[in-house]
Amino acid sequence: MSRTKVVDALKSSEYGKQITVKGWVRTRRGNKNVGFIALNDGSTIKNLQIVVDFAKISEDNIKDVTTGACICAVGTLAQSQGAGQTVELQAESIEVYGKADVNEYPLQKKGHTMEYLRDIAHLRPRTNTFGAVLRLRHNMAYAIHTFFHNKGYYYFHTPLITASDCEGAGQMFQVTTLNLDNIPKTKEGKVDYSKDFFGKPTSLTVSGQLEGELAATALGAIYTFGPTFRAENSNTPRHLAEFWMIEPEIAFMDKTELMDLEEEFVKYCVKWALDNCYDDLEFLNNMIDKGLIERLKAVSNTTFKRLPYTDGIKILEEAVKNGKKFEYPVYWGCDLASEHERYLVEEHFKTPVIMTDYPKEIKAFYMKQNADGKTVQGTDVLFPQIGEIIGGSVREESYDKLLARITELNIPMKDMTWYLDTRKYGSCPHAGFGLGFERLMLFVTGMQNIRDVIPFPRTPNNAEF
Ligand code: 4AD
Ligand code: MG
């Protein structure tokens, strides 16, 4: 008999129908007459209750049906007498596919700490919390593709191995096939990269933006969605060394349209979660973060505050004058710390903020320069709990201004000619942004640590699994 998924069995009202279910045992309880098995197969956060009448199936027959075991159960659907469910399965036969030794299976107890679960990341998808997170992760990816596809943006694949540092922050992981125990040297005593796989130094990408711009200035509007790597040694709950980024890039878009897009996009994702993943959100709301659903609803219904950096600094300086204590100093020109961003978002405005027009010194070389000569048209989105969730900007489309900035910042020109050609031939105004997928996941799940919203986190000193 073909298998029925738990999600479908729970929705069914075909009482008396015989079905087959397969999945993993969450708990087993009961008395000497009857056993109750809670079965989960990943199709929903909810378990199907299987009732085993020991007059029909001997208790000995199900001695291996313990927490973590994988089973196949055939039985009839029945209306449930128990609280908390409408449907249950009255078992006719149970086969154990795979045992899970009660003395060894690491997920026996409920309520393990997140730290403990990180150490067994190969098994944590079997917990309720990670099941919910992973189903939401899939749904967010699907929502993102749907959003851009519906707008006519093309999914564009950018290389993971690259020779250019898009953000200019020098946080790249080098890629090499050279033997590090016996590095070939030039006459001058430098590493001889002509002997390396690509004949020059290469790294894992920190952003697909530069290649994305090439595509946007041909296809009109594109987005990337792929792995991104940063060797920043920041052990925070919001940084990963390997994360996923979504980077739309759009020709003929100005700053206001860019902010509109950023706002529409994140609201769409949040609303998608509310509309399609309510069971999982409800679970996370109860178990992880009591304010989660309320916060998601609030964000999908509010208008984001648009705030020039200079005005933001004034608000923060005013707060300091009135006694607010920050760890890092506030002054015009400072790179905002997460405590500053969160003050503006959570305490001052109580809405997400799109901050614009940053000092050029704290932003990347490609941002469009304003007429004041001091600021650039960045448009970062700051979120409650998270801080920066999106980094975006209008791009400098003038060949001369861009080249001047590249020279000023000493960016190696030989790596950038292909990029400058977008400004040399048929240059156009354009803009784009990058959304950190796991930052979105943090917001949507209410999880507290970015290591817990990606299946296998990569952070300093950790590349397990
Ligand atoms: O602000 P960032 O560095 O911007 C860029 O990379 C641009 N090239 C994007 C663009 O305009 N196309 O990074 C964008 C976003 C951040 O706002 C943050 O959400 C996320 O990427 N991010 C990280 N997420 C997890 N771990 C890290 N180490 C991250 N660094 C950035
Ligand atoms: Mg940024």
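The values are calculated or read from the model by the stated rules, or taken from the named source; none is laboratory data. In this text the structure is predicted, and so the values were computed from the model without any measurement. Because the Cβ atoms are built from the backbone with ideal geometry, glycine has one as well, and the counts that use them run over all protein chains shown.
The residue of the range 382-412 that is farthest from ligand 2 (Cβ to nearest atom), among those that are of a type in the set (S, T, N, Q) and part of a loop (DSSP other than H, G, I, E, B), is Ser398. Assess whether Tyr153 counts as being farther than 28 Å from Ile288 by Cβ and of a type outside the set (Gly, Ala, Ser). Yes. Against the conditions (1) free of Cβ contacts under 8 Å to residues at least 40 places away in the same chain; (2) closer than 26 Å to Thr44 by Cα; (3) in contact with a helix residue (DSSP H, G or I) (Cβ under 8 Å, 6 or more places away or on another chain); (4) not polar (S, T, N, Q), Gly199 satisfies every one except (2).
Selection of first residues in the range 424-449 that are among the charged types (D, E, K, R) and of second residues that are part of a helix (DSSP H, G or I) and within 16 Å of ligand 2 (Cβ to nearest atom), restricted to Cβ pairs under 8 Å at least 6 apart or on distinct chains, gives the following pairs, ordered by first then second residue: Glu438/Ile450; Arg439/Ile450. Of the residues making up the range 336-378, those that are hydroxyl-bearing (Ser, Thr, Tyr), touching a Leu at 6+ places or on another chain (Cβ under 8 Å) and more than 11 Å from ligand 1 (Cβ to nearest atom) are Tyr343, Thr356. What about Leu210, is it aliphatic (A, V, I, L, M), over 21 Å from Ala141 (Cβ atoms) and within 16 Å of ligand 2 (Cβ to nearest atom)? Here the answer is yes, as Leu210 does meet what is asked. Residue check: Gly170 meets all listed conditions (1) closer than 30 Å to Leu261 by Cα; (2) in contact with an Asp or Glu (Cβ under 9 Å, 6 or more places away or on another chain); (3) exposed (fewer than 15 other Cβ atoms within 10 Å of the Cβ); (4) free of Cβ contacts under 8 Å to residues at least 60 places away in the same chain but one, namely (2). Would you pick out the residues in the range 181-224 that are over 18 Å from Lys414 (Cβ atoms), more than 35 Å from the chain's Cα centre (by Cα) and aliphatic (A, V, I, L, M)? Within the range 181-224, just Ile183 meets the criteria.
Every residue, every condition in (1) crowded, with 19+ Cβ neighbours inside 10 Å; (2) over 15 Å from Gln385 (Cβ atoms); (3) in contact with a Gly (Cβ under 6 Å, 6 or more places away or on another chain), yes or no:
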{"residue": "Val270", "(1), (2), (3)": "yes, no, no"}
{"residue": "Glu282", "(1), (2), (3)": "no, yes, no"}
{"residue": "Asp289", "(1), (2), (3)": "no, no, yes"}
{"residue": "Leu292", "(1), (2), (3)": "yes, no, yes"}
{"residue": "Leu296", "(1), (2), (3)": "yes, no, no"}
{"residue": "Tyr309", "(1), (2), (3)": "yes, yes, no"}
{"residue": "Gly312", "(1), (2), (3)": "yes, yes, no"}
{"residue": "Glu318", "(1), (2), (3)": "no, yes, no"}
{"residue": "Lys321", "(1), (2), (3)": "no, yes, no"}
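With respect to the conditions (1) among the small types (Gly, Ala, Ser); (2) more than 16 Å from ligand 1 (Cβ to nearest atom); (3) under 18 Å from Phe225 (Cβ atoms), Ala121 lacks only one, and its number is (3). Looking at Thr66, is it in contact with a strand residue (DSSP E or B) (Cβ under 7 Å, 6 or more places away or on another chain), buried (at least 17 other Cβ atoms within 10 Å of the Cβ) and not in a strand (DSSP E or B)? In short, yes.
With respect to Asn462, is the statement that it is surrounded by fewer than 20 Cβ atoms within 10 Å (Cβ to Cβ), polar (S, T, N, Q) and without any contact (Cβ under 8 Å) to a residue 40 or more places away in the chain true? Here the answer is yes, as Asn462 does meet what is asked.
So which residues in the range 379-391 are more than 16 Å from Leu296 (Cβ to Cβ), more than 8 Å from ligand 1 (Cβ to nearest atom) and in contact (Cβ under 8 Å) with a residue 60 or more places away in the chain, if there are any at all? If the condition is that a residue be more than 16 Å from Leu296 (Cβ to Cβ), more than 8 Å from ligand 1 (Cβ to nearest atom) and in contact (Cβ under 8 Å) with a residue 60 or more places away in the chain, then Thr379, Gly387 are the ones that fit. Within the range 57-78, being more than 18 Å from Arg26 (Cα to Cα), at pLDDT 95 or above and not hydrophobic (A, V, I, L, M, F, W, C) holds for Gly75, Thr76.
Scanning the range 407-423 for residues that are without any contact (Cβ under 8 Å) to a residue 60 or more places away in the chain and farther than 28 Å from His239 by Cα turns up Thr407, Glu408, Met413, Lys414, Thr417, Leu420, Asp421, Arg423. Can you work out which of the residues in the range 403-428 that are closer than 30 Å to Glu263 by Cα and within 15 Å of ligand 1 (Cβ to nearest atom) is farthest from the chain's Cα centre (by Cα)? Once the filter is applied, the top-ranked residue is Thr422.
For (1) part of a loop (DSSP other than H, G, I, E, B); (2) at pLDDT below 95; (3) within 16 Å of ligand 2 (Cβ to nearest atom), each residue gets a yes or a no:
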position	(1), (2), (3)
Thr351	yes, no, no
Ala371	yes, no, no
Gly378	no, no, yes
Lys414	no, yes, no
Asp421	no, no, no
Cys428	yes, no, no
Phe433	no, no, yes
Met441	no, no, no
Ile454	yes, no, no
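Test Ala91 against the criterion of being within 32 Å of the chain's Cα centre (by Cα), modelled with pLDDT of 95 or more and not aromatic (Phe, Trp, Tyr), and give yes or no. So Ala91 fails the test.
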